[in-house]
Every structure is written in structure tokens, then in C-alpha cells.
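Derivation of every value follows stated rules applied to the coordinates shown; laboratory data play no part. A quick note: this is a predicted structure, and the numbers were derived from the prediction, not measured. Ideal geometry is used to build each Cβ from the backbone, glycine not excepted, and the neighbour counts take in all protein chains shown.
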Amino acid sequence: MDLQIALLLGQDGIVNGAIYALLALALVLVFAVTRVIYIPQGEFVAYGALTLAAFQAGKTPGTLWFLLGAGVLVAVIDTVIAVRAGALGRMKRIVLWNLAYPAVVAGLVLGLEPAKLPLVAQAALSLVIVVPLGPMIYRLAFQPLAEASVLVLLIVSVAVHTAMVGLGLLFFGAEGSRTTPFSEAQFTLGTLNVNGQTLWVIGSSIVLIIALYQFFGRTLYGKALRATAINRVGARLMGISTTMAGKLSFTLAAGIGAFSGILIAPITTVYYDTGFLVGLKGFVAAIIAGLVSYPLAAAGAILVGLLESFSSFWASAFKEVIVFTLIIPVLVWRSLTSHHVEEEE
Amino acid sequence: MAAPILEVNDLCVSYGKVEALHHINLRVESGKIVTVIGPNGAGKTTMLSAIMGLLPSKGEIQFRGEVQRDIEVEHLVTMGMTLVPEKRELFGEMSVEDNLLLGAFQRYRHGDRDEGKTMDQVFGTFPRLKERRMQLAGTLSGGERQMLAVGRALMAKPKLLMLDEPSLGLAPLIVREIFHIIADLKQTGVAILLVEQNARAALQIADYGYVLETGSIALEGESRALADDPRVVETYLGLGGKKQ
């Protein structure tokens with residue numbers, strides 16, 4: 001291996017690492033707030049990428065029907081609950097977010113001919129469709145079980161993942177897709193060729209991470225999420241409802257996932273089940289951070305990205321094996337260095 | 001008699017098959033301090049948790065003239081009920097200032113954006129918190145933690161403040177300071193439901209008192225009368241009798 005190849009692999013590793021970092025942050029966030037180990041995180045990556053690809057291919061993405069269907073389901077359940085509790089005041093919100101919003105989005109998508117829109121508008125439309133699926137899935141699958149144990153939540157998480165992969169196959173078919181890059185620019189740094197999309201991925205990952213940092217450090221809602229993660233009872237006593245915190249963290253996670261998908265769609269071919277593997281690598285990074293520390297998760301993600309790209313050079317057949325084997329020494333190290341805390345009853 | 005801000009009728013709470021609270025009736029009037037005293041394990045914390053909606057219960061709870069069905073903690077907080085729990089439940093890895101800000105979360109959410117002003121008032125009541133505003137809550141001393149818990153509750157501008165064992169684990173000097181502050185809070189018009197093992201201190205500042213024993217109200221009355229009641233004197237105030 002000479003320096004040029006090493007630089008190339010390094011660049012590749014950092015690009016992938018940036019995406020894993022975003023996903024790892026989302027996983028840490030969701031786990032800290034809701035104790036859900038969020039396996040379906042990767043599906044949002046695939047949904048985001050493939051929704052955008054469908055727009056570019058001039059098709060109506062199936063995720064739109066998912067949004068409408070999930071919206072109706074949530075609306076029906078919440079309406080029944082509201083009527084039973086005699087709290088008809090809630091109806092306005094229920095209809096607005098679960099029926100009116102998806103209907104407006106459907107109107108936009110069907111009326112606008114997205115294939116002719118500029119890339120930014122297509123990406124925005126994809127986010128508008130995929131992101132609300134996050135809180136809806138929280139409402140349908142996780143909210144009724146909010147007090148359940150981590151293991152039960154994990155089982156539900158696997159079920160949601162399987163369902164979403166199946167729906168992904170139904171919506172997008174078995175073929176992979178690629179989207180047009182955000183930028184066709186090419187730069188030469190010394191002996192290294194850098195293309196525009198690489199800079200887009202790294203740049204937007206950094207921007208997003210800084211934005212999240214500001215959100216958690218500066219805004220009251222961000223602090224409320226942190227408070228829920230630190231002390232659920234204390235947060236409830238301040239009027240921060242577990243449901244609101246759960247929905248908010250699932251919304252953020254869906255946003256991060258779909259956005260990551262849109263970022264990688266031009267550089268890798270995304271299939272309906274690609275998200276799982278991408279999500280799992282984010283998960284390895286999150287595990288390195290013990291599912292609690294954001295900076296460690298980001299650092300772990302870069303490590304995973306670099307390990308992946310270098311192992312694909314030396315032993316490409318084993319690259320996934322090598323990446324996932326990393327988790328074993330990490331777990332050994334963590335269990336030796338950290339105290340074991342029994343799960344709260 | 002003034003209209004009660006909190007009226008609890010026939011409240012029963014069970015843990016599985018064991019009933020921990022039996023048919024509790026209790027009233028708190030606006031601007032008054034009501035105390036519930038009783039020994040360890042009498043069900044005092046259970047009662048507060050049930051009123052706050054943290055535990056399922058049977059019976060009727062009326063808050064500000066409204067019967068609370070399907071009580072949700074968040075809704076009660078919005079309506080002006082705040083609980084300072086026995087364990088404080090602070091956000092240890094966040095600063096004192098952030099802990100206080102979060103106390104105003106429910107008001108902020110409903111468009112009340114005067115949290116800065118409220119915080120200045122809280123700092124007026126607890127100057128020690130102002131000195132420590134940037135410190136992490138987890139690094140505070142026991143007394144400061146209790147002050148922060150009360151301060152955080154005051155950020156919600158409660159109509160009814162419920163305090164669970166504010167003297168627990170604190171040095172006598174700090175206990176006296178905390179009780180002074182509670183007595184002063186009454187001047188601001190907030191109703192206070194004070195649950196205490198330290199019967200002497202509680203009866204001194206309260207207007208009305210209940211004695212809770214093994215899940216039932218054993219005695220109730222004006223706190224001065226309670227403090228003179230021979231049963232209370234013997235069991236809770238000790239041989240020294242009422243402190244002058």
C-alpha cells in the first residue's frame with residue numbers, strides 16, 4: 001500500500017464514518033430518552049434515499065402511502081382514546097398531524113411533478129414524507145409499551161425493523177437505486193482526488209452535529225429531552241411528558257436517518273435492505289460509546305468507518321466480519337472498565 | 001370556610017393486592033399550609049404520589065374545583081400542582097440554572113415566557129442557588145439540593161406546592177432555614193401540602209394537620225390543637241412536649 005491508496009481509503013472511511021456518526025448519535029438519543037434500542041434506524045436511511053430516487057425516476061414513492069396509512073391508523077386510535085377520556089379538545093391536533101398533514105403532502109407530491117423540481121426541493125419533499133413516520137411509529141409501536149423493560153422494547157424494535165424492510169421491498173422493489181450527486185465538482189488535494197459529494201457528506205454531517213449540540217445545550221426542548229434521559233420521574237414532575245419526549249426523539253432520529261440516506265444515495269447504491277447494515281454499523285459505534293456518550297459515539301463511528309475501508313482493501317470478503325468483530329473487544333473492555341448497573345425496576 | 005384548592009375524597013391506593021391507603025379524606029385551602037405527619041411507612045409518600053397521578057388510585061381528587069379523571073401528571077402540572085419528591089429527583093448532570101429552567105417547562109410550552117423573571121425571584125428566595133448557578137446539580141450539598149428542588153418547583157409558579165419530607169437527611173440548621181422559607185412562601189399565596197416526619201417543625205408552621213397511621217387518617221385538626229393533643233405529644237413530639 002502506498003500513501004495515495006492510504007489517503008483514498010482514509011477519505012472513504014471518514015465519509016462513511018460521518019454517516020455512521022450521525023446514526024450513532026440518533027441511536028444514543030433514542031436509547032437515552034426511551035430506552036429503545038432502535039434497530040429500524042437504518043430503514044429510515046433506506047427510505048430517505050429511495051424516496052428521493054423514486055422522485056428522480058419520476059415515480060410516486062410508496063412511502064407516501066405509508067405516511068397516509070400510518071396517519072389514519074394513529075388518528076383512529078387517538079380518536080378512540082380521546083372520546084373515551086372525554087377529551088375532545090385533543091381532536092384538533094390529532095386531525096391536523098395525522099390526517100391533514102399527510103393529505104397536504106400527498107397533494108404536493110401528486111400535484112408538483114417532483115421529477116422536474118431541483119434537487120433541493122426533491123430532498124426536502126423526501127424528508128417531509130419520511131420524517132413524520134418516526135413519531136407515528138413511536139405512537140403505534142412503542143408508546144403503549146413505554147414502561148416495558150429494555151428487552152421487550154428491543155423485541156418490538158426488531159419486529160418494527162422486519163416490517164419496515166418488508167414494506168421497503170414492496171414500495172421500492174428489489175433493485176437498488178442511486179441518485180444524482182449534489183455537486184459534480186472535483187478537487188485535487190496534492191495527489192488526492194476529492195469529489196464534491198464527499199465534501200457534502202462530511203460538511204453536512206458536521207453542521208448537523210453542531211446543530212444537535214446547540215439544540216441539546218441551548219433550547220428548552222433539547223434540555224427537556226436530556227432531563228428525561230437523566231431522570232424520567234423528575235422530568236414528568238416538571239410536566240415533561242414521556243410521550244412528548246419519545247415522539248420528539250423519534251422525530252429527530254427519523255430526520256437524521258432520512259437525511260443520512262439522502263447524503264449517501266449518490267455515492268452508494270441503496271437497496272431496500274441496505275439500511276440495516278448501515279444502521280448496524282452506527283450501532284457498533286453507539287455501543288463503543290456505551291449508548292450514553294455522544295462524543296464517544298462520533299469517535300467510534302469514525303473508527304468503524306476507517307476500519308471498514310481499510311479492511312475492504314486487505315480482506316474485502318471479510319470487511320463486515322472485521323467491523324462487527326470489533327464489538328467483542330469493545331464489550332470486553334467496557335465490561336472490565338465500567339460498573340454494571342442493574343436496570344431500574 | 002374558603003373554597004378548597006385540593007379536596008381528596010375516599011382515596012384508596014393498592015400495591016397489587018395490598019391496600020396501602022384506606023379511604024383518605026383531605027382538604028387544602030388556598031393560601032394555607034396543611035401538614036400530614038406520621039411515622040415511616042404510614043403511606044405519606046404514597047398519598048402524594050397518588051394525588052400527583054404518579055400512582056393509580058381509587059376515589060375522587062378535586063383540584064381547583066375540577067374533578068380529575070384519568071389524572072395525568074403533565075396536566076396537573078399545567079393546572080398548577082407541583083410536587084417536590086422525597087428523593088428530590090434533580091437532573092444531576094445538568095447545571096443548577098438548567099434545572100430551574102426546566103421547572104418552568106410546562107409554562108414555557110403554553111407560551112409563558114417570563115422564566116428569567118421567575119428565576120430572579122427564586123434566586124431572591126435562595127441566594128445560595130445563585131452563587132451555584134453554573135454548578136452541576138449532582139455536586140451540590142444535601143441542603144442545596146433541597147433548595148434546588150424547591151426552587152425548581154417554584155419555577156412552575158404553582159397554586160399548590162406539595163413537599164415530601166423536605167427535612168429528610170438535612171442538618172438541623174438547614175432544616176430550620178428550609179422551614180423558614182416554607183413559612184415565607186405562604187405569604188406569596190401558594191397553598192402548601194407538607195408531608196413530614198419532623199412533626200414538631202411541621203406543626204409549628206402549618207395551619208392544619210392530619211396524622212396518618214398505617215394508611216388511614218388517625219387524627220386531624222388545627223395544628224395548634226394537634227400539637228397539644230396528648231396522643232400526638234406522646235407519639236410524635238416526645239416527652240419534652242410542645243416546644244415554646
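List every residue whose amide H lies under 5 Å from the amide H of B:LEU219, counting only residues 5 or more places away in sequence or on a different chain, with H placed 1.01 Å from N in the peptide plane.
B:VAL211
Would you please give the residues with an amide H less than 5 Å from that of B:ILE5, counting only those at least 5 places away or on a separate chain, with H modeled from the backbone geometry?
For B:ILE5, whose amide H was placed from the backbone, the distant partners under 5 Å are B:VAL28, B:GLU29, B:SER30.
Under the rule a/c < 1.5 gives rounded, and otherwise a/b versus b/c splits prolate from oblate, where does chain A land using the Cα gyration tensor?
oblate
Do any trypsin sites (Lys or Arg not before Pro) in segment B:98-163 lie in a DSSP loop with no more than 16 other beta carbon atoms within 10 Å, and if so, which?
Qualifying residues, ordered by number: B:ARG113, B:ARG133.
Going Cα to Cα from A:LYS281, which lysines come in below 17 Å? Please leave out same-chain ones fewer than 8 positions away.
Filter leaves A:LYS319.
With everything on Cα atoms, drop me the angle between helix B:115-125 and the longest principal axis of chain B, reported from 0 to 90° to the nearest 10.
60
For segment A:233-277, list residues with backbone N below 17 Å from a point placed 7 Å from the Cα of B:GLU72 toward its Cβ?
It comes to A:233, A:235-249, nothing else.
Could you work out the mean count of beta carbons from other protein chains within 10 Å of each residue's beta carbon in B:174-184?
Per-residue shielding by partner chains comes out at 0.
Assuming 0.692 mPa s and 37 °C, estimate D for segment B:90-157 with Stokes-Einstein, Rh taken as the Kirkwood radius over Cα pairs, in µm²/s.
285
Using a cut-off of under 20 Å, list every residue of segment B:139-156 whose amide N is near the label point 7 Å from the Cα of B:LYS117 along the Cα-to-beta-carbon line.
Backbone N within reach: B:151-156.
Just checking the output field for B:79-87: average partner chain Cβ neighbours within 10 Å of each residue's Cβ?
Other-chain Cβ atoms within 10 Å of each residue's Cβ, averaged: 2.
Rank by packing, highest mean first: peptides A:106-119, A:293-306, A:180-193, with packing defined as the count of other Cβ atoms within 10 Å averaged across residues.
With the highest mean Cβ count within 10 Å placed first, the list reads A:293-306, A:106-119, A:180-193.
How are the C-alpha pair distances of segment A:1-156 spread across 10 Å bins, as whole percents from the shortest bin up?
It works out to 10, 28, 31, 21, 7, 2, 1, 0, in whole percents.
Mind checking the alpha-carbon convex hull of chain B and giving the volume per residue in Å³?
Considering the Cα atoms of chain B, their hull volume per residue is 129 Å³.
Taking chain B as the reference, fit the longest principal axis to its C-alpha atoms, fit the long axis of helix B:172-185 to the helix C-alpha atoms, and give the angle between the two in degrees, 0 to 90, nearest 10.
For B:172-185 against chain B, the angle is about 80 degrees.
How shielded is A:220-233 by partner chains, expressed as the average number of their Cβ atoms within 10 Å of its Cβ atoms?
5
Greater than 23 Å separation of Cα atoms is the criterion. Which listed pairs, A:LYS59/A:LYS116; B:LYS17/B:LYS44; A:LYS59/A:LYS247; A:LYS247/B:LYS159; A:LYS247/B:LYS44; A:LYS223/B:LYS117, meet it?
Listed pairs above 23 Å: A:LYS59/A:LYS247; A:LYS247/B:LYS159; A:LYS247/B:LYS44.
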